[in-house]
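Since every read-out is calculated from the coordinates, none of them should be taken as a lab result. Remember, predicted model here, so these are calculated numbers, not experimental data. For neighbour counting, all protein chains shown are included, and Cβ atoms are generated from backbone atoms with ideal geometry for every residue, glycine included.
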Amino acid sequence: MKENVSWMTPTHDKEPFPCPLSRSESEAGILLDYCHRKLDAHRTAILESHLRQCPACQSFASAQSLVWRALDEYEAMPISETFDRRLYARIEAEEQRPTWVKWCDGLWNRLTVGGTATGAWLWRPALPVLACLLVAIGLYFRPSFDSTQQSLQGPSTDTTLQAEQIEAALEDLEMLRDLGALDAGWQRPM
Amino acid sequence: MTPSPPQPSPAERVHPNVVAAGNLEMDAQLMLRVREGCLSSFALLLERHRSAVIHFLYRMVQNQAVAEELAQEVFLRVYRSRQSYEPTAKFTTWLFRIATHLALNYLRDERHERGQESLDSQLIEGLARQVPDRLPTVEQCLIGDVRRREIQNAIQQLPDKQRAAVLMHKYQEMEYSQIAAALGCSESAVKSLLFRAYENLRTKLAHLAC
């Protein structure tokens, strides 16, 4: 319980060891450690000298010891005899499932409980990062995608327009030629 | 040419943190053997941790059948995860993280399903299974039963995370760092959780001193 030593640092001469109950909840936990006999001899001695002067801490310690003893009375129920048999039956059923189902299960298991004692839930903070990354990639590729679309659509539209224009011009020329022929035919009797 | 030193088997390649204590080393090595396909190592792990997991879950959900069902799921997940297991920390921390995760999910779902159902009725159901046979007299039986009921009631009324922290601290004797890893929070958060949880219990169980 080395993490609980900060409160033991003397602050001033008159009160060398500030009362743990006047500190934060996490620092007051030193009293719990004392009641549960988890402190080493040195810190136990320091705390006991404080307890002799502090009625609040004395009261805390006696109440906590009572709780500790009371919790000892809360016994769990005996385990059913079929527990192992049922578990092995489930494992056997598990083994007979298709490989892809086992793989998916394994992946899900890894994501939710983790394969290591420190590794679980590590993927959770990665989710927002992944989401931001996807958005950034999307934004980065969007303009180039549009320009690609334009570059793909642009020339084909122009070509279509040009063909139409040429076709229209040829039709106009043909019409003019026809008109010219008509004009020539109409003026000849004159 | 000097011959290269023999490479350790996967079961021997344990993280230095895990080798710190003999007990941990054994669990981690057993799990690594399970990874290699040794089912008898899994049986040993089950033997070593079965009671602790079931008792923890029983105290969390206050129902023996549900506790055993959840414990089965815990060990099944351990078995499923054998291929990806890496002994980077205590095996029990990992085991109790799975157990806590399942218990908290169960409690959340159950609360959601039961909705308006009275908490008292759940207590009475649970207490029916708590009467022990070994108390010799009716009076002693009644006194013991009342005390146990009050203790069980006090524990059940704790918020889920506080309850999980107290159970791991008191009954599994886990360190703050292990409880923090199991609950997915910081050590100082665990200390605050425990302080508040025991404060609740001190208030609720103060009359037992009389």
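Tabulated data
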| item | result |
| --- | --- |
| Residue-averaged beta-carbon neighbours from other chains (10 angstrom radius) around A:56-64 | 2 |
| Inter-site label distance for A:E48 and B:C185 at 7 Å from Cα along Cβ, in nm | 3.3 nm |
| Among B:67-78, A:43-54, the order from most to least packed when residues are scored by Cβ within 10 Å on average | B:67-78, A:43-54 |
| Approximate spin-label separation B:Y171-B:R48, in nm, with each point projected 7 Å along Cα-to-Cβ | 2.1 nm |
| Sequence-separation-based contact order of segment B:29-92, relative, with Cα cut under 8 Å and 6+ spacing, percent | 34 percent |
| Volume in Å³ per residue [convex hull over Cα atoms, computed for segment B:10-114] | 95 Å³ |
| For segment B:32-44, Karplus couplings with θ = phi - 60° (6.51, -1.76, 1.60), whole Hz, Gly/Pro x | 5, 5, 4, 4, 7, x, 8, 6, 5, 5, 5, 4, 5 |
| Residues in segment B:67-103 reached by a label modelled at A:A76 [backbone nitrogen below 12 Å; 7 Å Cα→Cβ] | B:67-72, B:96, B:99-100 |
| For B:K170, net neighbour charge (Lys/Arg +1, Asp/Glu -1) across residues whose Cβ lies under 14 Å away | 0 |
| Ranked by how many other beta carbons lie within 10 Å on average, peptides B:185-192, B:57-64, B:45-52 from highest | B:57-64, B:185-192, B:45-52 |
| Per-residue HN-Hα couplings for segment A:36-48 [Karplus 6.51, -1.76, 1.60; θ = phi - 60°; Hz; x = Gly/Pro] | 8, 6, 10, 8, 6, 4, 4, 6, 4, 4, 4, 5, 5 |
| Separation of the A:R177 and A:D40 label points, Cα + 7 Å toward Cβ, nm | 11.1 nm |
| Per-pair calculated FRET efficiency, R0 = 22 Å: A:W108 and B:D109 via Cβ, rounded to 0.05 | 0.80 |
| Amide H contacts of B:E86 (H built 1.01 Å from N, under 5 Å, at least 5 apart or other chain) | A:T116, A:A117 |
| Rounded FRET efficiency, nearest 0.05, which uses the C-beta distance separating A:I91 from B:E25 and R0 of 25 Å | 0.50 |
